[in-house]
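A short write-up of the structure that comes next.
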Number of protein chains: 2
Amino acid sequence: MFRERVQNISLSIRKISEKASKQENCIRFDIGQPSFDTPQHVKKAAKKGLENKQGYSPMLGLEKLREEAAREESTKKGIDIGSEEVMITTGGMGALYAVFSARLEEEDKAVFNDPCWGPYKMISEVSENRWSQVQYWDSDRNLRPEAKEEIRDADLAVVNTPGNPTGYVLTEHQAREIGEFADKHDTFLVSDEVYHRLTFGVEHYSPAAYTADSCIIGSMSKNHAMTGWRTGWVADRPENLEQYAKVSRASTACPPRISQYAAVEALKHDSHVKEMRRAYHERRDLLVKRMQNLDWDFVAPEGAIYAFPEVGEDSWSFCMDMIEKGIAMVPGEPMGPESDQKVRLCFGSTNKEEINEAFDILEEEV
Amino acid sequence: MFRERVQNISLSIRKISEKASKQENCIRFDIGQPSFDTPQHVKKAAKKGLENKQGYSPMLGLEKLREEAAREESTKKGIDIGSEEVMITTGGMGALYAVFSARLEEEDKAVFNDPCWGPYKMISEVSENRWSQVQYWDSDRNLRPEAKEEIRDADLAVVNTPGNPTGYVLTEHQAREIGEFADKHDTFLVSDEVYHRLTFGVEHYSPAAYTADSCIIGSMSKNHAMTGWRTGWVADRPENLEQYAKVSRASTACPPRISQYAAVEALKHDSHVKEMRRAYHERRDLLVKRMQNLDWDFVAPEGAIYAFPEVGEDSWSFCMDMIEKGIAMVPGEPMGPESDQKVRLCFGSTNKEEINEAFDILEEEV
């Protein structure tokens, strides 16, 4: 027998990757990870790290990495934290799971933006808390009244900037507005900032700077092209980390050690981030230009590695059809009630030639 | 706010390591990990593995590792599985958490042997299922009537052989008895066999061979001195792995990639296991000899890396006192209601000189 809420989790999105992997020469906009490999100097640091005994990591992570992660977080306006306020986790996912599971009883509610990254819902299903989705921002970049209502009522609100799947980046005004609103209404704010180094000509602002009761989720995965290493963190007060650590311990024992040596190096010597960001920026510009030639409605992404256009028809049938034409994208439907005619394109995993090739096809097909 | 059951989890055992780490020249029987480092040829394979792109691992793990883990499990009598029946996880802990969390509703009950490895309880608290503990075996190595009753009533029973904290290893008769009993009463059996390569002159038998509805938990941590790599697995039917994978995905995204290359090599070329086992066997023999000189009641460990003697006084005060004499051990109290006068000594983490030194002190103090 299986738990009902776990059993009911749909893995429908897998249909896309399964179909795409069977399609010859398929251009993969569906895969949410960098086309870049982990930088060589980071791999070299991992090799050097192997000289150490590969025993358990301290539960909260290697001190050196906690220091580097704290330094990284403290580059954000209004954030100034020490290493004792960082817990290293098995990826940003491990951090999110620990926070949800440590904080939310079955009757407690988390609120997410509409659209949002699908796994917030999956984490809620496994961790067994209630959740709802509401569009946070109006077109003038102010919190919508409906969003205020939901955030006020929720026990925990997730804000994600730069955002997946939209590439939307909060302005300073927005970061402040949602931070202060959560603070005023005692809603714990989970600020998922795993793409914070990837913005295109705009600044990143942390909503966590504007509320006392919040945590920041960080990760090596996207900013440093280190998805396979499973290294992320949660930044919060030490007494809160102690509660998260119980979940982290019960579900993983501790984060992997060798990955932490690599992460220290990547954070210390990070010129690769600038290079990758430049490449993503170019791809973003190209993608926007090519999308303008189609009859698609979209907001140009300002960060992260995703675009989220409206394609004017059912996202599932559109995506399934397009795979047969050689282009894999993710349907928006699982990402929120308002997104069933939208699709997510990851330009992190595709180069410019692939983008051009795909849009040559799309211009004929759409 | 935090979830009540998470907040109530006691980290009391940490008192031991905190006190011990402040005590100069303390002999650390409290640390449950091998004194050995990961073998050089395994580290070399990790270096070679770095030549691959370090992207996300497949959710169920690298195919090569699934194959090696299946081969490893199939060396056990009555076990014959294929790679499609193995899911790689973030350590054995990740496997256990996935199984508990995928299977047990809040009202469902898991049963553990008394004594048992503490984290089974912690996993249950985080995953929010009921649990109970009962002494499984009588002195003739038969299932006790009380154990039968509990296993019959439970939704899930954990059997751990070789066992932590006792070093107890089930005979073929015992493996069969508990397997067949669980099968007959439709209790799902979780067979935690993470120490299966570490037995001293006795054979390892898998209880999973005797029941249709069971899973095996495996790990690289202790058998191969690879605790820091966080690589383990659960072996079960593919349709069950699909449910576990949802929990694994929600809590970790996927297992770390680089560790999996290392694990493949360790399983393929495993002469290091024999060498480490020989060293543990010698330490076990020495420890048994030295314990015989004390007024301690104990059963000689037949496997794993632990002894669990009865010291004739409160385990907490005994352990706290002994740290001041330079010997760190873990109190039995958190491991089960019958163990409050027992202590766990890990001879995996200590060499013969340290064992002798510690017992020279104990002979004067006890």
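Since every read-out is calculated from the coordinates, none of them should be taken as a lab result. Just so you know, these numbers come straight off a predicted model, no measurement behind them. Methodologically, a virtual Cβ is constructed for each residue, glycine included, from the backbone with ideal geometry; neighbour enumeration extends over all protein chains shown.
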### Message
Defining the label point at 7 Å along Cα→Cβ, can you sort the distances from A:E63 to the same site in each other copy, shortest first, in nm?
### Response
4.5
#### Entry: Label geometry 7 Å along the beta-carbon vector: B:G312 inter-copy distances in nm
8.9
### Summary
In terms of the alpha carbon gyration tensor, root eigenvalues a ≥ b ≥ c, rounded if a/c is under 1.5 and otherwise prolate when a/b exceeds b/c or oblate, region B:245-297 is oblate
### Task
Determine the relative contact order of region B:40-268: mean sequence separation of Cα pairs under 8 Å and six or more apart, normalised by residue count, in whole percent.
30
### Message
Full-extension gain between B:D297 and B:Q23, please, as 0.36 nm times their residue separation minus the C-alpha to C-alpha distance.
### Response
95.9 nm
### Summary
Copies of B:Q40 compared via label points 7 Å along Cα→Cβ give distances in nm, shortest first, of 2.7
### Packing rank of B:85-91, A:121-127, A:103-109, B:287-293, where each peptide gets the mean count of other beta carbons within 10 Å, highest leading
B:85-91, A:121-127, A:103-109, B:287-293
### Message
For peptide A:3-10, what's the mean number of Cβ atoms from other chains within 10 Å of each residue's Cβ?
### Response
5
### Task
Report the charge-dipole magnitude of chain A in Debye, nearest 20, computed about the Cα centre from +1 at each Lys and Arg Cβ and -1 at each Asp and Glu Cβ.
1740
### Query
In the protein assembly as shown, what is the volume of the convex hull around the alpha carbon atoms, normalised per residue and reported in Å³?
143
### Task
Taking just the C-alpha trace of region A:40-268, give me its Rg and Dmax in Å.
17.0, 56
### Task
Using 0.36 nm per residue of separation minus the Cα-Cα distance, give me the extension gain between B:R278 and B:E172 in nm, one decimal.
35.9 nm
### Message
Give me a comma-separated list of calculated 3J(HN,Hα) values for region A:75-80, in order, Karplus coefficients 6.51, -1.76, 1.60 applied at θ = phi - 60°, integers in Hz, x for any Gly or Pro.
### Response
6, 7, 4, x, 10, 8
### Neighbour-limited loop hits for trypsin sites (Lys or Arg not before Pro), region A:301-345 (at most 16 other Cβ within 10 Å; DSSP other than H, G, I, E, B)
A:K325
## Note on the structure
Note, B:Q260: beta-carbon cut-off 13 Å, +1 each Lys/Arg, -1 each Asp/Glu, net +3
## Note on the structure
When A:L294, B:L50 are ranked with the fewest other C-beta atoms within 10 Å first, the list becomes A:L294, B:L50
### Whole-Hz ³J(HN,Hα) from phi, Karplus 6.51 cos²θ - 1.76 cosθ + 1.60, for region A:342-349, glycine and proline x
10, 9, 9, 10, 8, 9, x, 9
### Query
Per residue of B:74-80, what is the mean number of Cβ atoms on other protein chains within 10 angstrom of that residue's Cβ?
0
### Task
With unit charges on the beta carbon (Lys/Arg positive, Asp/Glu negative), name the residue among B:T38, B:V343, A:V6 whose Cα is farthest towards the positive pole of the charge dipole of the protein assembly as shown.
B:T38
### Query
Check A:W131: other-chain or 5+ apart residues with amide H under 5 Å from its amide H, H built from backbone geometry?
A:A110
### Query
By a straight-distance test (C-alpha under 21 Å), which lysines pair with B:K184 as possible cross-link partners, with residues fewer than eight away in the same chain excluded?
B:K77, B:K109, B:K148
### Task
Quick one: work out Rg over Rh on the C-alpha atoms of region A:141-281, Rh as Kirkwood radius.
0.99
### Message
Quick check: from the Cα gyration tensor, does region B:57-105 come out rounded (a/c under 1.5), prolate or oblate?
### Response
oblate
### Task
Along Cα→Cβ, 7 Å out, is where each label goes; now give me the distance between the ones at B:D285 and B:E364 in nm to one decimal.
2.9
### Task
List every residue whose amide H lies under 5 Å from the amide H of A:Q33, counting only residues 5 or more places away in sequence or on a different chain, with H placed 1.01 Å from N in the peptide plane.
A:S349
### Task
Go through region B:195-206 residue by residue and turn each phi into a ³J(HN,Hα) via Karplus (6.51, -1.76, 1.60, θ = phi - 60°); whole Hz please, and just put x for glycine and proline.
10, 5, 7, 10, 10, 10, x, 10, 8, 8, 10, 9
#### Entry: Average partner coverage of A:304-315, which counts Cβ from other chains inside 10 Å
0
### Task
Using amide H atoms built 1.01 Å from N in the peptide plane, name the residues 5+ places from B:V330, or on other chains, whose amide H lies under 5 Å from its own.
B:R344
